[in-house]
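To keep things clear, I will list the structure first and then write my remarks on it.
The values are calculated or read from the model by the stated rules, or taken from the named source; none is laboratory data. Since the model is a prediction, treat every value here as computed from it, not as a measurement. Please note: Cβ atoms are built from the backbone with ideal geometry, for glycine as well, and neighbour counts cover all protein chains shown. Just the protein is used for accessible areas: all its heavy atoms, side chains included, with ligands, DNA and RNA removed. Shrake-Rupley method; radii C 1.70, N 1.55, O 1.52, S 1.80 Å.
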Amino acid sequence: QVQLVESGGGLVQAGGSLRLSCAASGRTFSTYVGWFRQAPGNDREFVAAIRWSGGSTYYADSVKGRFTISRDNAKITVYLQMNSLKPEDTAVYYCAAAIEDSIPTIGRYKYWGQGTQVTVSS
């Protein structure tokens, strides 16, 4: 079992930045850790993912060039640095972990955090 706890959400003005953290505990082995978001009335969508071994990263087109996902092996923590935030980035952000051989689809992520709210004002 893997426990994931997100933090770092909050209220920020458009153009601002936030850094989200996802701390893992328990049986922490996983191959991919991803960030997802869900706005009211919308489906949960992929934002970014990182392969734990090797550090390969993947991004949704909507956040490329603005968001950066990274990991700290010693702290077993994954970060999402979000710059140039837009009102449309407003959502609850979730981190999730998967044990897969290749980049998983959302349904293949087995462990999920409780989410952290990000609100971007215009």
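Looking at the chain as a GNM with Cα springs under 10 Å, which of Gln13, Gln81, Gln38 has the largest mean-square fluctuation?
Comparing Gln13, Gln81, Gln38 in a Gaussian network model of the chain, the most mobile one is Gln13.
Probe radius 1.4 Å, ligands and nucleic acids left out: which of Arg51, Arg66, Arg108 has the largest accessible area, and how do the rest follow?
The ranking, largest first, comes out as Arg108, Arg51, Arg66.
Considering only the other residues whose Cβ falls under 15 Å of the Cβ of Leu18, what net charge follows from Lys and Arg at +1 and Asp and Glu at -1?
Value of the local net charge: +1.
Under a Cβ-Cβ cut-off of 10 Å, what is the net charge of the residues other than Asn83 that fall near it, where Lys and Arg count +1 and Asp and Glu count -1?
Result for the local shell: +2.
Just the number: Rg to Rh for the chain, Cα atoms, Kirkwood Rh, two decimals.
Reported Rg/Rh, Kirkwood definition of Rh: 0.94.
Given a Förster radius of 22 Å and the C-beta distance between Asp61 and Ala39 as r, what FRET efficiency does 1/(1 + (r/R0)^6) yield to the nearest 0.05?
0.85
For the range 1-119, give me the percentage of DSSP beta bridges that are antiparallel, rounded to the nearest 5 percent.
95
Using only Cα atoms, locate the centre of the range 51-65 and the centre of the range 1-31, then give the distance between them in Å, rounded to an integer.
15
Could you work out the relative contact order of the chain, using alpha carbon pairs under 8 angstrom and six or more residues apart, expressed as a whole percent?
Result for the chain is 36 percent.
Quick check: net charge around Val120, other residues with Cβ under 9 Å of its Cβ, Lys/Arg +1 and Asp/Glu -1?
Once positives and negatives cancel, what remains is -1.
On a 1.4 Å probe surface of the protein chains, which of Glu45, Glu6, Glu88 comes out largest in accessible area, and what is the full order?
Glu88, Glu45, Glu6
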